[in-house]
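Everything below concerns the one structure shown next.
The values are calculated or read from the model by the stated rules, or taken from the named source; none is laboratory data. Predicted model only: the values in this text are computed from it and were never measured. Positions of Cβ are generated from backbone atoms using ideal geometry, with glycine treated the same way; all protein chains shown enter the neighbour counts.
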Amino acid sequence: MDAPVPVSKRAAAIEYAIRDVVVPAMALEANGHEVIKLNIGDPIAYPGLPTPPHMVEAYASALRTGRNGYSPSYGLPELRAALAADEQQKGWPAREEDIYVCHGVTEALQILFAAVLEEGSKVLAPGPHYPPYMAYPQLFGAKTVEYALDANDGWRPDFDDIESKMDGNVRLLVLINPNNPCGSVCGAEDVDRLLAIAQNYPNCIVVADEIYDGLDFTNTHVSAASRSSTVPVVALNGVSKVYYAPGWRIGYMALHDPTNRLSLVRDGIERLLRSRLCASTPAQLGYLAGLTGDRAWMERYSERVLRQRDYCIERINGIDGLEVQSPGGAFYMFVKLTDPKWSTDDKRFVLELLQEEHVLLVHGSGFSPELGKGHVRLVYLADIAVLEEAFLRIERFLERHR
């Protein structure tokens with residue numbers, strides 16, 4: 001057999017824990033086993049939380065009426081205007097021209113990294129973190145440095161650790177708020193402290209990933225852009241989580257540039273956006289319907305998610321071998337493995353639990369090899385009856401291996 005065609009080192013090095021664990025689950029399903037999947041933050045994967053009908057109708061209407069051609073590279077003007085108005089409600093003077101519509105927050109990150117990072121640049125991101133913050137910077141010759149979240153203080157940022165790791169090569173300082181995978185929420189005091197650190201580094205931009213901002217159960221979340229009068233902030237958000245439409249792949253970045261220092265970065269972003277044509281036109285119109293339509297449904301959805309969160313906290317803290325702190329937002333909890341057999345090998349816990357009990361979680365080390373180890377991420381969007389069955393299986397697994 002001839003030697004295989006080589007793959008690039010950058011591609012071979014990428015891991016995405018959330019989806020990587022699906023591979024063995026698919027093998028089980030192919031053999032006829034039913035797997036309880038609590039691994040992926042896709043609201044549509046869990047019955048009872050459908051995309052709102054008026055948004056679906058707007059999407060479908062765009063297809064029926066032929067509004068499915070190319071749109072402007074930066075997004076439909078009416079959507080950009082609606083997003084700017086939505087950001088204004090969060091407390092800062094966003095303009096239509098500050099909004100750039102992308103194929104989800106993931107593409108927004110890729111565009112931002114490409115526009116800002118170069119060989120030797122650094123991204124300072126929380127650990128644990130959403131995997132693309134570790135995977136993508138290397139594609140541009142940069143590297144990600146993790147700052148710690150304090151597992152003993154509700155996964156709050158360790159600001160001493162941030163300060164110790166800041167230097168002139170840190171181009172992007174990341175705040176995921178509410179956090180994925182921990183569910184922690186930073187209020188005004190924490191956001192202000194992070195901005196104060198960034199202010200000392202004139203080439204540093206704060207990246208505020210706020211895709212879960214509408215799922216804040218603490219009522220303390222604030223927009224990072226609304227708190228900054230000097231530091232440039234790029235806010236990231238989209239339709240996937242709060243509007244329950246993840247497969248539409250529509251997100252955006254919003255540039256807050258209070259001292260007018262982002263002209264070159266903005267030009268780079270716009271060049272990159274033009275080169276990839278545009279985001280989905282019908283999906284943009286569906287998102288627009290969500291922004292401009294009645295949002296009363298959101299409270300009903302959030303009440304359900306909150307009930308499921310509270311059930312999981314009570315159930316987990318009653319299982320010998322598990323501990324969890326109450327997450328303040330999003331729909332994840334980062335569960336600590338306290339059983340000595342598993343506390344140092346969370347990936348093996350996940351894989352053996354899957355094989356023996358057909359429950360799928362994500363290993364915490366997949367969100368940070370050091371700062372996430374000894375934990376698993378659980379998505380609490382499933383019905384309580386499904387969650388109860390999952391916990392019965394997890395408890396049985398732990399008892400069997402004790």
Test result for Ser326, touching a Leu at 6+ places or on another chain (Cβ under 8 Å), among the polar types (S, T, N, Q) and over 30 Å from Ala114 (Cα atoms): no
Among (1) surrounded by fewer than 20 Cβ atoms within 10 Å (Cβ to Cβ); (2) outside the structural domain of Arg377 (by TED's automatic domain parsing), the one test that Ile44 misses: (2)
Would you kindly identify the helices (runs of 4 or more DSSP H) lying entirely within segment 114-226 that contain at least 1 residues that are under 23 Å from Leu255 (Cβ atoms) and either touching a residue at least 40 places away in the same chain (Cβ under 8 Å) or not aliphatic (A, V, I, L, M) (or both)? 132-135, 188-198
Every residue in segment 276-322 that is buried (at least 21 other Cβ atoms within 10 Å of the Cβ) and of a type in the set (Lys, Arg), please. Arg309
Being in contact (Cβ under 8 Å) with a residue 12 or more places away in the chain and either among the acidic types (Asp, Glu) or not assigned by TED's automatic domain parsing to the domain that holds Thr220 (or both): is that true of Ile313 here? yes
Could you give every pair whose Cβ atoms fall below 6 Å, whose first residue belongs to segment 372-389 and is charged (D, E, K, R), and whose second residue is part of a loop (DSSP other than H, G, I, E, B), counting only separations of at least 6 or pairs across chains? Arg377/Pro181
Quick one: count up the residues across segment 62-117 that are polar (S, T, N, Q) and farther than 14 Å from Leu277 by Cβ. 5
Run Trp155 past the list (1) of a type outside the set (A, V, I, L, M); (2) more than 22 Å from Ser263 (Cα to Cα); (3) surrounded by fewer than 19 Cβ atoms within 10 Å (Cβ to Cβ); (4) out of contact with any helix residue (DSSP H, G or I) (no Cβ under 9 Å at 6 or more places or on another chain) and report the number of the one that doesn't hold. (3)
Can you tell me which condition Cys182 does not meet? The list is (1) in contact with a strand residue (DSSP E or B) (Cβ under 6 Å, 6 or more places away or on another chain); (2) modelled with pLDDT of 95 or more, and all the others hold. (2)
Report those helices (runs of 4 or more DSSP H) wholly inside segment 242-359 carrying at least 3 residues which are hydroxyl-bearing (Ser, Thr, Tyr). 281-292, 296-316
Unmet requirement for Ala81, which otherwise passes all of (1) in a helix (DSSP H, G or I); (2) in contact (Cβ under 8 Å) with a residue 40 or more places away in the chain: (2)
